Amino acid sequence: GVLPEGKEIAVPTSLMDIFSTLVHLAGETVPQDRVIDGRNLMPLLQGLVQHSEHEFMFHYCGIFLHAVRWYEKESVNVWKAHYVSPIFQPERSGACYAIKYCPCSGEG
């Protein structure tokens with residue numbers, strides 16, 4: 001398919017959606033013998049829909065849940081809960097500033 005030039009998507013998506021999207025682009029269907037959490041992103045990328053099919057999006061850092069986002073179906077409401085909110089000041093943040101890499105992503 002062809003995507004509109006300069007298209008920006010302002011809603012969160014998930015890396016797990018890449019598999020389902022690539023399977024769709026290859027003209028195949030995702031396996032039916034297991035749960036596949038990813039969704040085909042093409043309707044969103046083509047502008048046919050305004051929101052991801054995911055009602056909930058969870059943000060983890062390693063094994064720790066940091067935040068969750070809930071988009072109410074058939075509504076414009078978006079609810080968010082942040083369980084961990086970083087302080088974006090290097091001296092007090094405890095974040096990745098001093099070690100040059102994010103432990104969530106691995107070593108460099």
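The values are calculated or read from the model by the stated rules, or taken from the named source; none is laboratory data. Predicted, not measured: the structure shown is a model, and the values here were computed from it. No Cβ is skipped: glycine too gets one built from the backbone with ideal geometry, and neighbour counts run over all protein chains shown.
Among the residues of the range 12-29, which ones are assigned to a loop (DSSP other than H, G, I, E, B) and either more than 24 Å from residue 59 (Cβ to Cβ) or out of contact with any strand residue (DSSP E or B) (no Cβ under 8 Å at 6 or more places or on another chain) (or both)?
13, 15, 16, 26, 27, 28, 29
What are the residues in the range 37-68 that are in contact with a Phe, Trp or Tyr (Cβ under 7 Å, 6 or more places away or on another chain) and surrounded by 11 or more Cβ atoms within 10 Å (Cβ to Cβ), if any?
Answer for the range 37-68, where residues must be in contact with a Phe, Trp or Tyr (Cβ under 7 Å, 6 or more places away or on another chain) and surrounded by 11 or more Cβ atoms within 10 Å (Cβ to Cβ): 38, 51, 55, 65, 66, 67, 68.
Would you pick out the residues in the range 1-59 that are under 16 Å from residue 69 (Cα atoms) and among the aromatic types (Phe, Trp, Tyr)?
Within the range 1-59, 56, 58 meet the criteria.
So, residue 18, is that one touching a helix residue (DSSP H, G or I) at 6+ places or on another chain (Cβ under 9 Å), at pLDDT 90 or above and not hydroxyl-bearing (Ser, Thr, Tyr) or not?
Here the answer is no, as residue 18 does not meet what is asked.
Of the residues that make up the range 9-23, is at least one surrounded by 13 or more Cβ atoms within 10 Å (Cβ to Cβ) and touching a Pro at 6+ places or on another chain (Cβ under 6 Å)?
For the range 9-23, residues surrounded by 13 or more Cβ atoms within 10 Å (Cβ to Cβ) and touching a Pro at 6+ places or on another chain (Cβ under 6 Å): absent.
What number goes with the only condition from (1) loosely packed, with under 14 Cβ neighbours inside 10 Å; (2) in a loop (DSSP other than H, G, I, E, B); (3) under 18 Å from the mean Cα position of the chain (by Cα) that residue 32 does not pass?
(3)
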